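The values are calculated or read from the model by the stated rules, or taken from the named source; none is laboratory data. Keep in mind that what you see is a predicted model, and the values were worked out from it rather than measured. Cβ coordinates were reconstructed from backbone atoms using ideal geometry, including for glycine residues, and neighbour counts include every protein chain displayed.
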Amino acid sequence: MDLGDVQLLTSPDGRALLAELAELPAGALDDPLPVLSRLRASGHAAALAAAAVTQARLRARGGPKLGSDAAVMIFTPDGYEQATRRSVAEHRAARLAAADVHVVADLCCGIGGDAVALARAGLRVVAVERDPATAAVARANVVALGLDDRVGVHELDARDATGAGLLDDVDAVFIDPARRSGRGRIFDPDAYSPPYSFVADLVAHVPAVVAKVAPGIPRDLAGPGTETEWVSDGGDVKEASLWHGRLAAPGIARRATLLPSGATLTDTDPSSTDVREPGRWLHEPDGAVIRAGLVGQAAARVGGGLLDASIAYVTTDADVTDPTTRRFEVLESMPFGLKPLRAALRGLDASEVVVKKRGSAIVPDELRSRLAVDGSGPRLVVVVTRKAGAPWSLICRPA
């Protein structure tokens, strides 16, 4: 998308056409060619029709990530991919507001999703984006959502924000470096744009900085005094944030936050690392908990122990519910072997199995095929893992 497309889409004709496309039945744009042909036949310019259809498709995709806001926002393809999920952006904005932040710089603001969440949390936002078309999209989005009185969008490279004086009067900085290139996702923080090393320069200028990074970062990426927070939503790990300076919680290096419950674990919470025999219940920690290295803390919350010192499975005898883990009722527990597994599943009259693994080289789909269950009973879960270093399997029923 270029600046001309943005101008077309935000023109009166563009807004009217987008409103018309929004009334189409679900799935009507799965094949866009008939719709494009109809629009051109009815007199719409080819460029506007193409831009509007592409935008309508992006809005439909954006609904699960950005909720009702997606219906009025403008997206670039890259901007949609990199936009923060609304619930995660709102969590971060609420945390900044609770830290007595009133004015925040949003560097690499993209299409403005985080700027919107920050403004709604009551903050004034100095948004910075270097790409002209993306900056225009961000402006259009804050206007469409009625937040342009709280958000100013500046077309500038984030690395020039300090020299331009844009950070002189802010209380904090939020930065979301680009983590994609023409070849796909970038996993090395030093290859972000701008690189993670740039954050250290920001901290020297504004001693309250939070940086969004990919959840696969090394746990030791951040230095002393910095808190790394992994955030999941609905069980899926979405991102990590590095909280620097006064934004970091004192004494906490690692945190896992689970949305929508808001449950949180930190490395200062009690931890249980003892290894136990399999009990009646198996607990699978949330992905954010695992990424943060807080499995022992999750075990302590449910009063459990580990199946293996290096595997993220927790076992308990009592049926304990906790938002940091998903639990399964253990029906059978045995050393791993194809024949005993088949026999146990036949005995349980399993109609279907899902295979989960951790600490094993098996391929779940291949094992599921070889188990060949054909009963009329329950749908069960086969967990292949290790118990005190030995290959082990459990047959479970989701609680």
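Structural remarks
- Every residue from segment 364-393 that is under 28 Å from the mean Cα position of the chain (by Cα) and either over 19 Å from residue 284 (Cα atoms) or among the basic types (Lys, Arg) (or both): 365
- Which listed residue is of a type in the set (Gly, Ala, Ser) and either in the same structural domain as residue 64 (by TED's automatic domain parsing) or in contact with a helix residue (DSSP H, G or I) (Cβ under 9 Å, 6 or more places away or on another chain) (or both), from 262, 225, 251: 262
- Just one residue in the set 190, 171, 233 is surrounded by fewer than 17 Cβ atoms within 10 Å (Cβ to Cβ) and not β-branched (Val, Ile, Thr); that residue is 190.
- The listed residue being modelled with pLDDT of 90 or more and in the same structural domain as residue 215 (by TED's automatic domain parsing), out of 47, 60, 89: 89
- Whichever residue in segment 251-274 is touching a residue at least 12 places away in the same chain (Cβ under 8 Å) and polar (S, T, N, Q) and, among such residues, is surrounded by the most Cβ atoms within 10 Å (Cβ to Cβ): 257
- Residue pairs meeting the criteria (Cβ under 7 Å; at least 6 apart or on separate chains; first without any contact (Cβ under 8 Å) to a residue 24 or more places away in the chain, in segment 222-250; second among the hydroxyl-bearing types (Ser, Thr, Tyr) and assigned to a loop (DSSP other than H, G, I, E, B)): 248/226
- Any hit, segment 199-208, residues being modelled with pLDDT of 95 or more, under 24 Å from the mean Cα position of the chain (by Cα), under 22 Å from residue 127 (Cβ atoms) and part of a strand (DSSP E or B): yes
- Tally of residues being without any contact (Cβ under 8 Å) to a residue 40 or more places away in the chain, closer than 16 Å to residue 261 by Cβ and not in a helix (DSSP H, G or I) across segment 275-320: 2
- Restricting segment 359-376 to residues that are over 22 Å from residue 387 (Cβ atoms) and among the hydrophobic types (A, V, I, L, M, F, W, C), the residue that is surrounded by the most Cβ atoms within 10 Å (Cβ to Cβ): 373
Condition check ((1) more than 23 Å from residue 238 (Cβ to Cβ); (2) β-branched (Val, Ile, Thr)) across all residues:
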{"residue": "23", "(1), (2)": "yes, no"}
{"residue": "26", "(1), (2)": "yes, no"}
{"residue": "33", "(1), (2)": "yes, no"}
{"residue": "37", "(1), (2)": "yes, no"}
{"residue": "49", "(1), (2)": "yes, no"}
{"residue": "62", "(1), (2)": "no, no"}
{"residue": "84", "(1), (2)": "no, yes"}
{"residue": "88", "(1), (2)": "no, yes"}
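- Conditions (1) in a helix (DSSP H, G or I); (2) more than 13 Å from residue 393 (Cα to Cα); (3) more than 24 Å from the chain's Cα centre (by Cα): number failed by residue 341: (2)
So that you can scan it fast, the table gives a plain yes or no per residue for (1) at pLDDT 95 or above; (2) out of contact with any helix residue (DSSP H, G or I) (no Cβ under 9 Å at 6 or more places or on another chain); (3) surrounded by fewer than 24 Cβ atoms within 10 Å (Cβ to Cβ); (4) over 19 Å from residue 239 (Cβ atoms):
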site	(1), (2), (3), (4)
100	yes, yes, yes, yes
109	yes, no, no, no
116	yes, no, no, no
119	yes, no, no, yes
141	yes, no, no, yes
150	yes, no, yes, yes
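- Selection status of residue 152, more than 24 Å from the chain's Cα centre (by Cα) and part of a strand (DSSP E or B): yes
- If the condition is being among the β-branched types (Val, Ile, Thr) and at pLDDT below 95, then segment 152-165 contributes only 162.
- Residue among 354, 384 that alone is crowded, with 20+ Cβ neighbours inside 10 Å, among the β-branched types (Val, Ile, Thr), modelled with pLDDT of 95 or more and assigned to a strand (DSSP E or B): 384
- All positions within segment 51-81 that are crowded, with 22+ Cβ neighbours inside 10 Å and in a loop (DSSP other than H, G, I, E, B): 73, 74, 75, 76
- Restricting attention to segment 100-139, the residues that are touching a residue at least 60 places away in the same chain (Cβ under 8 Å) and assigned to a helix (DSSP H, G or I) total 5.
- Restricted to segment 27-44, and to residues there that are in contact with a helix residue (DSSP H, G or I) (Cβ under 8 Å, 6 or more places away or on another chain) and either aromatic (Phe, Trp, Tyr) or without any contact (Cβ under 8 Å) to a residue 12 or more places away in the chain (or both), the residue that is farthest from residue 144 (Cα to Cα) is 40.
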